[in-house]
Every structure is written in structure tokens, then in C-alpha cells.
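Enquirer: What follows is a structure written as C-alpha cells; I'll ask about it next.
The values are calculated or read from the model by the stated rules, or taken from the named source; none is laboratory data. None of these values were measured; they are calculated from a predicted model. Here the Cβ is made from the backbone with ideal geometry for all residues, glycine too, and neighbour counts use every protein chain on show.
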Amino acid sequence: MSDIDLGLAFDFIDPADGAPRQLRFSRNLTPPGDPRVFDDAGQLIAVVVDVRRPDNGHTIAVSRPNVRFDDVETALHGWETSAVNGPDTVDLAAIRRRIRAAGPT
């Protein structure tokens, strides 16, 4: 599956465990016979991507499945100023709150 990376230059830190994650939108494949490869829905996830870490590949859901990418983008609008903790870190809990408040959770 081809994910859409969001804020790739940042580490999205979950305050619950301190693990640095990448934020991704995991797109849904279309059903057989559909001329498209992906539909416009999927799930916002956060993934540990560091081969040196024992939790490499650990994934947590940030939104519910089958949300529209446009809805996620709308919910995240402005995260660069409201959720950034430092020059390269973002508070993943703040991202979750934005998604929950907008509805696609």
C-alpha cells in the first residue's frame, strides 16, 4: 500500500511513550474492477520508523479507518503552528485532539 507522508521533516512524539513517529495517511485500495488504484479514503496513522529502535514499525491509529483524505487535511490545517514543540518535533496528542474535534476519528 502506498501511504502519504505528512510532515516528513518532523518527529511526531506521543507523550504516552515518547516514541518518535512519522505521520502517514494509509490509503485504501479500490475494489477489483475499479480503474483507480486507491480511493479517496484511508486512515491517519503514526509509525515508528527507525531500524535502531526495538519498536521499529510499531503503528498507532490516529483516526478511524475509511476517513476521506480531504477531511484529514482540513482537520490538520494549521498544525504547523499549533502542535509543534520544537524545531523538529510535534506533539502527537495535539494532532489527535485536532482530528477528534473535526470528526474523522
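Yes or no, residue by residue, for (1) surrounded by fewer than 13 Cβ atoms within 10 Å (Cβ to Cβ); (2) charged (D, E, K, R); (3) out of contact with any His (no Cβ under 7 Å at 6 or more places or on another chain); (4) at positive phi:
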{"position": "50", "(1), (2), (3), (4)": "no, yes, yes, no"}
{"position": "57", "(1), (2), (3), (4)": "yes, no, yes, yes"}
{"position": "96", "(1), (2), (3), (4)": "no, yes, yes, no"}
{"position": "99", "(1), (2), (3), (4)": "no, no, yes, no"}
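Enquirer: Tell me yes or no: at least one residue of the stretch 20-31 is of a type outside the set (Val, Ile, Thr), modelled with pLDDT under 90 and more than 16 Å from the chain's Cα centre (by Cα).
Expert: The answer is yes, given that some residue of the stretch 20-31 is of a type outside the set (Val, Ile, Thr), modelled with pLDDT under 90 and more than 16 Å from the chain's Cα centre (by Cα).
Enquirer: Considering only the stretch 25-56, state which residues are over 15 Å from residue 89 (Cα atoms), in a strand (DSSP E or B) and of a type outside the set (Phe, Trp, Tyr).
Expert: Selection gives 26, 27, 28, 29, 39, 40, 41, 42, 43, 44, 45.
Enquirer: Can you go through 5, 70 and tell me which one is surrounded by fewer than 13 Cβ atoms within 10 Å (Cβ to Cβ) and under 10 Å from the mean Cα position of the chain (by Cα)? Break it down into steps so the answer makes sense when it comes.
Expert: Numbers: 70 fails: under 10 Å from the mean Cα position of the chain (by Cα).
Just one listed residue meets the conditions, 5.
Enquirer: Name the residue, out of 75, 83, that is buried (at least 17 other Cβ atoms within 10 Å of the Cβ) and under 12 Å from the mean Cα position of the chain (by Cα). Working first, answer last.
Expert: Working: 83 fails: under 12 Å from the mean Cα position of the chain (by Cα).
Answer to the check: 75.
Enquirer: Any residue that is within 20 Å of residue 102 (Cβ to Cβ), of a type in the set (A, V, I, L, M, F, W, C), assigned to a helix (DSSP H, G or I) and in contact with a helix residue (DSSP H, G or I) (Cβ under 6 Å, 6 or more places away or on another chain) - is there at least one of those in the stretch 57-75?
Expert: First pass over the stretch 57-75, keeping only residues within 20 Å of residue 102 (Cβ to Cβ): 60-75.
Going one step further and asking which of them are of a type in the set (A, V, I, L, M, F, W, C), we end up with 60-62, 67, 69, 72, 75.
Checking which are assigned to a helix (DSSP H, G or I) leaves us with 69, 72, 75.
Applying the additional criterion that residues be in contact with a helix residue (DSSP H, G or I) (Cβ under 6 Å, 6 or more places away or on another chain) yields 75.
Yes, there is a match, as at least one residue in the stretch 57-75 is within 20 Å of residue 102 (Cβ to Cβ), of a type in the set (A, V, I, L, M, F, W, C), assigned to a helix (DSSP H, G or I) and in contact with a helix residue (DSSP H, G or I) (Cβ under 6 Å, 6 or more places away or on another chain).
Enquirer: Six or more apart or on different chains, Cβ atoms under 8 Å: show the pairs whose first residue is in the stretch 41-53 and of a type in the set (S, T, N, Q) and modelled with pLDDT under 95 and whose second is surrounded by fewer than 18 Cβ atoms within 10 Å (Cβ to Cβ) and outside any strand (DSSP E or B).
Expert: What qualifies is 43/64; 43/65; 43/66.
Enquirer: Also, I was wondering about something else. Could you list all residues from the stretch 54-105 that are more than 21 Å from residue 16 (Cβ to Cβ), in contact (Cβ under 8 Å) with a residue 12 or more places away in the chain and among the polar types (S, T, N, Q)?
Expert: Within the stretch 54-105, 66, 74 meet the criteria.
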